[in-house]
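Chemist: First, the structure itself, so that you have it in front of you.
The values are calculated or read from the model by the stated rules, or taken from the named source; none is laboratory data. Predicted, not measured: the structure shown is a model, and the values here were computed from it. All Cβ positions, glycine included, derive from the backbone under ideal geometry; neighbour counts span all protein chains shown. We work out accessible area using only protein heavy atoms, side chains counted, and drop any ligands, DNA or RNA first. Shrake-Rupley method; radii C 1.70, N 1.55, O 1.52, S 1.80 Å.
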Amino acid sequence: MAVRHRSRRDPERRAAAETFPARLRKRLHRARIALRKSGVDYFRGDGSDWIALAGLLLTIPVIALGTLAMPVWFSPALLVLPIVAGGLLLRPASLLGLYAAAAGALIVESVQLGPYTEGASRVTPGIVLTVAACGFFGLVIAQFRSRVGVPWRRGGTMLFDLRERIKTQSKLPGLPPGWHREMALRPAGGQSFSGDFVVAARTSGGRTLEVVLTDVSGKGMDAGSRALLLSGAFGGLLGSLPPHAFLPAANGYLLRQDWDEGFATSIHLALDLDSGDYELLSAGHPPAVQLHAGTGRWEEKSAEGPLLGVYDGAQFDPAKGCLRPGDVLMLFTDGLVETAERDLSEGIDRLTGEADRYVAGGFHGAAWHLIEAVAKDVNDDRALLLICRDA
């Protein structure tokens with residue numbers, strides 16, 4: 001009986017679904033989905049620009065009618081607004097159609113309003129030149145975007161994604177109890193991109209911490225793209241090779257890129273988290289400094305090695321040490337300790353002098369404050385890495 005009851009209701013449901021309001025709701029739902037998809041594609045830079053073109057084309061007759069009706073309030077120069085917006089939104093081919101419509105509107109306005117010598121609020125040669133100049137620069141911008149292949153509405157998202165990827169790759173892995181690590185990075189000029197970066201990993205079953213701090217030639221935005229490429233490559237090499245083979249492999253990678261400004265400095269730390277023993281390998285990088293808790297003195301740890309990307313077959317000689325309870329190891333880039341006014345040794349002395357203030361209370365949160373105290377206004381990329389073993 002229940003089956004027959006449901007079978008009698010099925011035709012009723014189908015009939016209700018075929019009513020005009022139901023069909024209208026389905027069509028509206030499909031239209032809303034299609035509009036949303038086209039909008040998402042457009043703002044990602046994947047869709048057509050016909051929506052923007054149609055909207056801008058509609059503004060031109062509105063501006064023209066306003067100019068003819070109330071020329072005191074609607075200047076003919078208002079046509080630069082859709083032209084500027086078109087330069088940011090449209091492809092070059094669509095932009096030419098918009099320019100043709102704007103030129104037609106100027107012609108209609110000049111004919112209807114009369115010669116500019118008869119009074120104000122007319123289409124003057126200056127207005128024509130202003131509109132034409134805005135159109136020219138808009139076309140140049142559109143041509144550049146078309147050649148690069150990245151629409152303006154996608155370019156900002158792409159740069160944000162690149163910045164976040166660099167930050168993600170620079171995150172330090174967690175350490176076992178008894179260890180503390182932190183890093184601070186300040187790009188030159190307050191920019192979002194830096195030529196300094198860190199890659200790190202726990203290797204040997206988590207027993208060893210490997211950290212590579214690299215300073216790419218250049219600074220800020222100029223070095224950001226190369227830093228992103230190198231951080232990805234170095235992150236792939238780290239942990240895949242023995243510590244002594246990392247810098248030679250990185251050097252070979254830079255040489256294969258054949259960049260005009262392709263050198264970099266780098267320092268590689270391999271730290272045994274059980275014993276505290278470590279090995280430092282350097283490629284033209286400033287030395288690390290270690291605080292010995294027993295004496296309260298800082299010691300420079302210098303390893304020998306040439307810059308990365310200079311010549312093939314480079315040799316990198318390690319420096320060894322041990323972090324005992326209470327000891328601190330600092331790795332940094334030259335922007336933190338070396339400027340035109342002071343040399344490297346003076347900068348290291350100033351850094352360790354500031355770091356002495358944190359010995360009694362601990363170095364938690366000290367990395368950012370040390371950069372602020374030592375090199376706040378330096379126009380260079382600055383990075384500082386702290387590895388501390390609790391007392």
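Chemist: Which chymotrypsin sites (Phe, Trp or Tyr not before Pro) does the stretch 48-132 hold that lie in a coil by DSSP with at most 10 other beta carbons within 10 Å?
Modeler: Passing sites in the stretch 48-132 are 73.
Chemist: I'd like the trypsin sites (Lys or Arg not before Pro) in the stretch 297-391 restricted to DSSP loop residues with at most 13 other Cβ atoms within 10 Å, sorted by number.
Modeler: On the way: sites: 297, 301, 320, 342, 350, 357, 376, 382, 389; in loops: 342, 376.
Passing sites in the stretch 297-391 are 342, 376.
Chemist: If I stretch the segment between residue 257 and residue 201 completely, what's the gain in nm (0.36 nm per residue apart, minus their alpha carbon distance), one decimal? Intermediate results must be reported in sequence, preceding the final value.
Modeler: Values: separation 56, 0.36 × 56 = 20.16 nm, distance 2.47 nm.
Residue separation times 0.36 nm, minus the Cα-Cα distance, leaves 17.7 nm.
Chemist: Roughly to the nearest percent, how much of the accessible area of the stretch 73-144 is carbon and sulfur, given a 1.4 Å probe?
Modeler: Exposed carbon and sulfur together represent 77 percent of the surface.
Chemist: Okay, moving on. Can you work out the FRET efficiency for the pair residue 103 and residue 225, with r the C-beta to C-beta distance and R0 = 45 Å, to the nearest 0.05?
Modeler: 0.65
Chemist: Give the accessible surface of the stretch 242-291 per residue, rounded to a whole number of Å², with probe radius 1.4 Å and ligands, DNA and RNA excluded. Let's see the in-between values first.
Modeler: Details: 1730 Å² over 50 residues.
For the stretch 242-291, the solvent-accessible area averages 35 Å² per residue.
Chemist: Now for a different question. For every other residue with a beta carbon closer than 15 angstrom to the beta carbon of residue 255, add +1 if it is Lys or Arg and -1 if Asp or Glu, then tell me the sum.
Modeler: Within the 15 Å Cβ shell, the charges total -2.
Chemist: Then there's this: State, to one decimal in nm, how far the label point of residue 121 lies from the label point of residue 26, with both points 7 Å from Cα in the Cβ direction.
Modeler: Calculated label separation equals 5.5 nm.
Chemist: Find the centroid of the Cα atoms in the stretch 60-95 and in the stretch 198-242, then give the distance between the two in whole Å.
Modeler: 51
Chemist: Do any chymotrypsin sites (Phe, Trp or Tyr not before Pro) in the stretch 286-343 lie in a DSSP loop with no more than 10 other beta carbon atoms within 10 Å, and if so, which?
Modeler: 311
Chemist: Any idea of residue 356's accessible area? Nearest 10 Å², probe 1.4 Å.
Modeler: Only protein atoms counted, so the area is about 70 Å².
Chemist: Which distance in Å, rounded to a whole number, links the C-alpha centroids of the stretch 293-314 and the stretch 331-391?
Modeler: Here the answer is 17 Å between Cα centres.
Chemist: Tell me the carbon and sulfur percent of the accessible area for the stretch 204-362, rounded to whole percent, probe radius 1.4 Å. Walk me through the numbers before you get to the answer.
Modeler: On the way: 3250 of 6960 Å².
Reported share for carbon and sulfur atoms: 47 percent.
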